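These notes concern the structure reproduced below.
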Amino acid sequence: MAAGVEQMILEAVKSGRAILGAERTLKELKKGNVEKVVVAINYPEEEKERIKYYAELAGVELVVYEEDNKELGALCQKPFPVSVLGIKKK
């Protein structure tokens, strides 16, 4: 599963469809512009529940990335941790 998730993330970053950060992802999720949400495994549970709630309302899949936010940031080719990543609809 992890390889598929990583490939999906890489494609989103490469194509410019990646939304980095919880607040930006939530904003776009509420607008209906997101097709999938990825959260790092070490993202706080309370915050994860908030994102999960809005994802469910929007009918969007929430994927828990099996690595921490530093690894997710590195995968996104960013020099900082990324805890939440949204993928914009095509």
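Some points to look at:
- Residue pairs meeting the criteria (Cβ under 9 Å; at least 6 apart or on separate chains; first basic (K, R), in segment 1-22; second part of a helix (DSSP H, G or I) and surrounded by fewer than 17 Cβ atoms within 10 Å (Cβ to Cβ)): R17/E11
- If you go through segment 51-78 and keep only what is more than 18 Å from G4 (Cβ to Cβ), in contact (Cβ under 8 Å) with a residue 12 or more places away in the chain and either of a type in the set (K, R) or part of a helix (DSSP H, G or I) (or both), you end up with I51, Y54, A55, A58, N69, K78.
- Tally, over segment 34-50, of residues that are part of a loop (DSSP other than H, G, I, E, B) and buried (at least 17 other Cβ atoms within 10 Å of the Cβ): 1
Bear in mind that the values in this text are calculations on the coordinates, not laboratory data. These numbers come from a predicted model, not from an experiment. Virtual Cβ from ideal backbone geometry, glycine too; neighbours counted across all protein chains shown.
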